[in-house]
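Here is the structure we will look at.
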Amino acid sequence: MPRSELTRLLTRTREMGGLLATPASAVSTLSGKVVANLFFEDSTRTRLSFTVAAKRLGADVIDLLGSTSSVSKGETLIDTACNIEAMGVSAVVVRARQSGAAALIASRVSIPVLNAGDGKHEHPTQGLLDTYTLAEASKRLDSFDLKGLRVAIVGDVAASRVARSAIAAMTTLGAEVICVGPAGLAPKSLESLGCAVTSDLDTILPTLDGVMMLRIQFERYEGAKNPGAASAPPANPVIASVREFRASYALTAARAERMKAGAVVMHPGPINRGIELDAEVADGPRSVILRQVTNGVTVRAAVLRDLIAG
Ligand code: CP
């Protein structure tokens, strides 16, 4: 997405904050419209914030979850989406395990399709809300020019659709983005996305304006198990051990103390507390994690209004 379009959507997000503060005018925006959530992977934040956003704009929302849909009987995602379009809905929000799923569906239906996360590929509204939150924390909401800001994305970048969308948005707006992790989680090939890559968090930490921590997506690695606790034995092929990962990459209270004044801690969620991020930091003064969630509603309301009402 070019810089002009990104800035336009983020400006609409800023304006949407005002509209949502006056419920009467917000409710008429999408009154009579129906938004369908098609979620074939689990979600807390994305599905509920799309739902809250659509409802606050006056739309009705229907949910189709993978586990209860006829996809379990062999129906394709495209047939599913075409059937939902035939019911007269105004837009579909799609989360799927397959990279490219939302784009494929969009090529076969005529209503707007919003990508709520496709495999390891992209999570566009998450990228928007992360970028908006960074601009807000650094007082750049007037221009959304992020030049001069240094942001690290730490952890399982390889499996992260959140990272890919955040890298695209933040670098387009001028920020320097550095992916950090062991080579298996942050491979050098990520540099092709316009970011830098390093395995040394401790050296760059005091220079950063923002750190976005990512959980290790154990469910996407064959044979991997989420150890659930830092003390569990190694049980997966993506890192040698959780203990070793934490030693170099976890954002502990001691590491957070080395961040510069005003630097913020972000996380798209879900957090695996005690693995990539410690509770004192997640709930501490640098954390803008719940601000990301709040901004997620506003971003999604702005995008829904843009696509459905124009
Ligand atoms: N950030 C994010 O996509 O969270 P959910 O998986 O809970 O939607």
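Bear in mind that the values in this text are calculations on the coordinates, not laboratory data. Owing to the predicted nature of the structure, the values given are computational and were not obtained by experimental measurement. Positions of Cβ are generated from backbone atoms using ideal geometry, with glycine treated the same way; all protein chains shown enter the neighbour counts.
Take the alpha-carbon positions of segment 124-288, form their convex hull, and give its projected area averaged over all directions (one quarter of the hull surface) in nm². Please report the intermediate quantities before stating the final value.
Working: hull surface 35.0 nm².
One quarter of the hull surface, i.e. the mean projection, equals 8.7 nm².
Mind checking which lysines have their Cα closer than 25 Å to the Cα of Lys147? Skip sequence neighbours fewer than 8 apart in that chain.
Lys139, Lys188, Lys260
Using 0.36 nm per residue of separation minus the Cα-Cα distance, give me the extension gain between Glu219 and Ala21 in nm, one decimal.
67.4 nm
Tell me what the chain gives for mean residue ellipticity at 222 nm when only DSSP H runs of n ≥ 4 count, each as -39,500 (n - 2.57), the sum divided by the residue total, rounded to 500 deg cm²/dmol.
Values: 12 runs with 113 residues, N = 310.
Helices in the chain give a 222 nm mean residue ellipticity of -10500 deg cm²/dmol.
Taking θ as phi - 60°, what are the ³J(HN,Hα) couplings along segment 263-272 by the Karplus curve (6.51, -1.76, 1.60), each to the nearest whole Hz, with x for Gly and Pro?
My calculation for segment 263-272 gives 5, 10, 10, 10, 7, x, x, x, 7, 9 Hz in order.
Take the Cβ-Cβ distance between Lys188 and Ala247 as r, set R0 to 22 Å, and report the resulting FRET efficiency rounded to the nearest 0.05. All intermediate terms of the calculation are to be shown ahead of the outcome.
Numbers: r = 22 Å, r/R0 = 0.99.
For Lys188 and Ala247, the calculated efficiency is 0.50.
How do 76-89, 35-48 rank on mean C-beta neighbours within 10 Å, highest first?
Values: 76-89: 15.4, 35-48: 19.6.
Per-residue mean Cβ counts within 10 Å order the peptides as 35-48, 76-89.
If packing is taken as the average number of other Cβ atoms within 10 Å across a peptide's residues, how do 195-202, 289-296 rank, most packed first? If you can, show how the numbers build up before the last one.
Details: 195-202: 16.0, 289-296: 19.0.
The packing order, highest mean first, is 289-296, 195-202.
Please give, to one decimal in nm, the separation of the simple spin-label points placed at Leu307 and Lys73, each 7 Å out from Cα toward the Cβ.
About 2.8 nm separates the two model spin labels.
Can you give the FRET efficiency to the nearest 0.05 for Arg273 and Ser31, using r as the Cβ-Cβ distance and R₀ = 41 Å? Provide the component values of the computation, followed by the final result.
Details: r = 41 Å, r/R0 = 0.99.
In this case the efficiency is close to 0.50.
Taking 7 Å along the Cα-to-C-beta vector as the label spot, tell me the Arg14-Lys260 distance in nanometres, rounded to one decimal.
Label-label distance for Arg14 and Lys260, simple model: 2.3 nm.
What ratio of Cα Rg to 2.2 N^0.38 Å holds for the chain? Don't skip to the answer; put the middle values down first.
Working: Rg = 19.5 Å, N = 310, 2.2 N^0.38 = 19.5 Å.
Normalised Cα radius of gyration, the chain: 1.00.
Report the per residue volume, in Å³, of the convex hull enclosing the C-alpha atoms of segment 1-138. Don't skip to the answer; put the middle values down first.
Numbers: hull volume 16.6 nm³, N = 138.
Taking only Cα atoms, segment 1-138 has a hull volume of 121 Å³ per residue.
With a point put 7 Å past each Cα toward its Cβ, work out how far Thr7 is from Ser143 in nm, to one decimal.
Modelled inter-label distance: 0.9 nm.
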